[in-house]
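One structure is given below, encoded as structure tokens.
The values are calculated or read from the model by the stated rules, or taken from the named source; none is laboratory data. Because the structure is a prediction, the values reported are computed rather than measured. Here the Cβ is made from the backbone with ideal geometry for all residues, glycine too, and neighbour counts use every protein chain on show. The area values use the complete protein model at the heavy-atom level, side chains included, leaving out ligands, DNA and RNA. Shrake-Rupley method; radii C 1.70, N 1.55, O 1.52, S 1.80 Å.
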Amino acid sequence: MHPDLEKLIALQAHDVEAKRLRDEMIALPKHVEALETKAKAIQGQRSVIVDLIAKEEALRRRQESDVKDHQAKIARIRKQLDLATTTVQVTAFEHEISFAEAEISKIEDAEIESMERSDGLESQRSLADEALADAMATLERERVRAADTIENDKTLLADVEEKRKTERAEIGENALSIYDRIAKSKGTALAEALNQQCTACRMMLRPQRWNELRDRNNEETMMTCESCGRLLYYDPARDSPQRKTVPVESIAASIIRSL
């Protein structure tokens, strides 16, 4: 294995971790913002329900007032009916009374419908209250968690960045240049070759290239995947056809343990 390759593997581990931390610090505020938007939406839905309940209550107050007006009108007409002297007058007064009673019946039916709507809206408000309480509790919990996580991530990132600087200083300039170029293009610069396959792009390696990669005496060159262009490394401890009965610590594990 090329002398810089193990150092590059360690560097990539730090780079991947640094990216994860940065991504998390960016994602968490967006997550909290999404929860805030959800809570506001629920609050808006609840406000609509409350407004509808208020409108139904106002409607019933008007209906009750209209019923009282019609009842008062009927009472006046009945007094006039008692003083009527002709059949025409009696018929007219009775018609007015029937009309007013019919209107009262319609209004009372409408009142019942309004009360039924109010009952349904009250149920919806109860559900909205529960949903809003849950959304606000989740928002507060996630807001605190996000703040704590971001603070912790900042500390971890500073530590990782320090390790990256140390690791980069120990790598040859040419190898580092190749690494940076590939990482900028592909996101990651190295990929493990496992079972004659590049684990990054999943393309098979030609037998000759596979054998050259597995040659532990090959320390002069760094090999790349012919498909994705990433630097390849081979770990005999993870190559299933080459597994030994005695446990062998993998290269990645030994690197991480030594950090």
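Here are the numbers:
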| item | result |
| --- | --- |
| Heavy-atom accessible area ranking, 1.4 Å probe, most first, across I178, I9 | I178, I9 |
| Inter-label distance, nm, simple model (7 Å from Cα along the C-beta direction), K30/D82 | 8.1 |
| Exposure of D4 as accessible area (Å², to 10), given a probe of 1.4 Å and all protein chains | 20 |
| Segment Q208-A75, length gained on full extension (0.36 nm per residue, minus Cα span) | 36.9 nm |
| Label corresponding to volume of the Cα convex hull per residue in Å³ when calculated from the structure given, among (i) 225; (ii) 141; (iii) 118 | (i) |
| Per residue solvent-accessible surface (Å²) - the chain, probe of 1.4 Å | 64 |
| Over the chain: helical MRE at 222 nm, DSSP H runs n ≥ 4 each giving -39500 (n - 2.57), nearest 500 | -27000 deg cm²/dmol |
| In degrees, nearest ten, helix 87-169 long axis to first principal axis of the chain (Cα) | 20 |
| When each of K73/K106; K19/K40; K40/K154 is checked by Cα-Cα distance, pairs over 23 Å | K19/K40; K40/K154 |
| Rough spin-label spacing in nm, given labels placed 7 Å along Cα→Cβ, for K163 and H95 | 9.8 |
| Percent of beta bridges antiparallel (DSSP, the chain, rounded to nearest 5) | 50 |
| Accessible-area composition of the chain, carbon plus sulfur, in percent [1.4 Å probe] | 52 |
